[in-house]
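*Asks:* First the structure, then my questions, so here it is.
The values are calculated or read from the model by the stated rules, or taken from the named source; none is laboratory data. Just so it is clear, the model here is predicted, and its values are computed rather than measured. Glycine gets a Cβ as well: all are built from the backbone with ideal geometry, and neighbour counts include every protein chain shown. The area values use the complete protein model at the heavy-atom level, side chains included, leaving out ligands, DNA and RNA. Shrake-Rupley method; radii C 1.70, N 1.55, O 1.52, S 1.80 Å.
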Amino acid sequence: MNFQVDQYFFREIDGLFDKTRLDPEMERLVRVSLNADCTNGEYFRWANLTLLSCECVGGELEDVLPGAIGMELFALASDIFDDIQDQDNEEMPWRQIPDAQAINLAICLLMLCEEAISAIPDNHLYREVAYSLHRTGIRAINGQFREFMYDSYKQVSFEQYFKMTEQKAGSLTACACKIGAILGKAETRVIQDMEQFGVILGILGQIINDLKDFLDFPKKNDFINNKKTLPNVYLLNTLQGEMAERFKDLTQKVSEGAYRIKDMDREYIKQLALEEGVVPYCTVMYEIYCQKAREILEEIPVPEINKEKLKRLVREIK
Amino acid sequence: MNYAAIANLVHEGVKNSKSLLTQLKSEEKKLNSNEITVIQNVLARNQVSGGTVAIEPPITPLLYWG
């Protein structure tokens, strides 16, 4: 993203290690896990989102640094817990160590997050940030809990899916935007708007992930685990008659472990996605949510120029 | 937002683009004008591309939270 800003983030993290004196192997694990999913050199996406939100309301880098790093560590811990639960993303460093150690690593990251935000000098702002992170953790866990519950459901409504996604993915992005606004000393109404904008960013990210993983389902566990992703929910709710029965039957048998997916099933799913409009549907929902995000940004009473970077994330497609 | 109405409209539109106008009329009350415009745009792009419309997120990984 921005080499100079990244250097500030790295320096803040070095400072954390100096203060906390972690076991050298644990410190190495934290370092290799940070940005491990970054493929194009754009590091610290969570810290950067927090920074963008702070800048949007008129704050500066030094105001937001401890909160931005706290957010980055918090989100990484969530990712690790998620991957252990889903047994997914095997190429990640935390999936190449025993699960027990990966759990240790994630707990350590949560503690480092607390340590990072404790550097916020203003006591009131510190409490606001800590409260936001804790509430986010609870909301995300509720979403995750719901997701696992739905694995065993034959049918999930769109309302249930979007509620779960708001909690699971939206809560984290909402937290990054909210912390940025808090540390940028925005007014309460602006903080709430930024939080709402963040919820939508999370939903957008989840729609992209769900579609990508559905189209790449031989490599992902979502289909095997009968995860109620958006493509899956769409098919379960729109297919009718014999087609609906065949799809439900296949997802159920695969998730129960009673059946191994064959090449012909892969072809069938691909064909289904194409003929029933899985991609257009996900694209429609993506663009509707982008529009909602733009409407929220429009209402935020800050100079237009401050919103530019956030607007680019949800730009209109002509 | 009426999620089911959006899904049904997209589904019908993909299966039979000629019936989209009729469908739009019947779902009109359940959707707002912005939603209808998005659906029409995406389905038109899908038709032009021969069924290969894709989400076009901004060229930044910043959107890949979640």
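*Asks:* With an 8 Å Cα cut-off and a minimum separation of 6 or more residues, compute the relative contact order for segment A:44-171 in percent.
*Replies:* Averaging sequence separation for qualifying contacts and normalising by length gives 21 percent for segment A:44-171.
*Asks:* Right, here's the next one. Determine how large the accessible area of A:Met149 is when every protein chain is in place; take a 1.4 Å probe and give Å² rounded to the nearest 10.
*Replies:* My reading of the accessible area for A:Met149 is about 70 Å².
*Asks:* If one takes the accessible area of chain A alone plus chain B alone and subtracts that of the pair, with a 1.4 Å probe, what total in Å², rounded to the nearest 100, results?
*Replies:* The contact between B and A buries close to 3500 Å².
*Asks:* Provide a whole-number value for the mean count of partner chain Cβ atoms within 10 Å of the Cβ atoms in peptide A:164-173.
*Replies:* That average works out to 1.
*Asks:* Same structure again: Loop only by DSSP, 11 or fewer other Cβ within 10 Å of the Cβ. Give me the trypsin sites (Lys or Arg not before Pro) in segment A:1-33 that pass, ordered by residue number.
*Replies:* Counting only loop positions with at most 11 other Cβ atoms within 10 Å, the trypsin sites (Lys or Arg not before Pro) in segment A:1-33 are A:Arg21.
*Asks:* Also, quick follow-up: Which links in A:Lys163/A:Lys262; A:Lys212/B:Lys29; A:Lys212/A:Lys248; A:Lys227/B:Lys18 stretch past 26 Å when you go from one Cα to the other?
*Replies:* Distance filter (> 26 Å) returns A:Lys163/A:Lys262; A:Lys212/B:Lys29; A:Lys227/B:Lys18.
*Asks:* Around A:Tyr268, what is the net charge, scoring Lys/Arg as +1 and Asp/Glu as -1 over all other residues with Cβ under 11 Å from its Cβ?
*Replies:* 0
*Asks:* Note down the net charge around A:Tyr259, summing +1 for each Lys or Arg and -1 for each Asp or Glu among other residues with Cβ under 12 Å from its Cβ.
*Replies:* Spelling it out: positives minus negatives among the neighbours equals 0.
*Asks:* For chain A, which DSSP H helices look membrane-span-like by this rule: Cα extent along the axis of 30 Å or more and mean Kyte-Doolittle of at least 0.5?
*Replies:* Helix filter hits for chain A: A:61-86, A:188-215.
*Asks:* So what is the calculated 222 nm ellipticity per residue for chain A, using -39500 (n - 2.57) for each DSSP H run with n of 4 or more, over all residues, to the nearest 500 deg cm²/dmol?
*Replies:* Rounded to the nearest 500, the figure is -24500 deg cm²/dmol.
*Asks:* Take A:Asp14, A:Asp83 and sort them by solvent-accessible surface of the protein heavy atoms, 1.4 Å probe, largest at the top.
*Replies:* Sorted descending by solvent-accessible area, the residues read A:Asp14, A:Asp83.
*Asks:* While we're here: Roughly how crowded by other chains is peptide A:40-49, in terms of the mean Cβ count from those chains within 10 Å of each of its Cβ atoms?
*Replies:* 2
*Asks:* Can you send over the solvent-accessible area of A:Leu211, 1.4 Å probe, protein chains only, in Å² to the nearest 10?
*Replies:* 10
*Asks:* Could you work out the mean count of beta carbons from other protein chains within 10 Å of each residue's beta carbon in A:225-237?
*Replies:* 1
*Asks:* What does the highest-first list of A:166-175, A:256-265, A:184-193, B:4-13 look like by mean Cβ count within 10 Å?
*Replies:* So the order, starting with the most tightly packed, is A:166-175, B:4-13, A:184-193, A:256-265.
*Asks:* Rounded to the nearest whole Å², what accessible area per residue is found for segment A:97-149 with the 1.4 Å probe?
*Replies:* 54
*Asks:* Considering Cα pairs under 8 angstrom that are at least six residues apart, work out the relative contact order of chain A and quote it in whole percent.
*Replies:* The value is 18 percent.
*Asks:* Which one of A:Ser33, A:Ser157, A:Ser78 has the biggest mean-square fluctuation once chain A is modelled by GNM with Cα springs under 10 Å?
*Replies:* In this elastic network of chain A, the residue with the biggest mean-square fluctuation among A:Ser33, A:Ser157, A:Ser78 is A:Ser157.
*Asks:* Ranked highest first by the average count of other Cβ atoms within 10 Å around their residues, in what order do A:40-53, A:267-280, A:237-250 fall?
*Replies:* A:40-53, A:267-280, A:237-250
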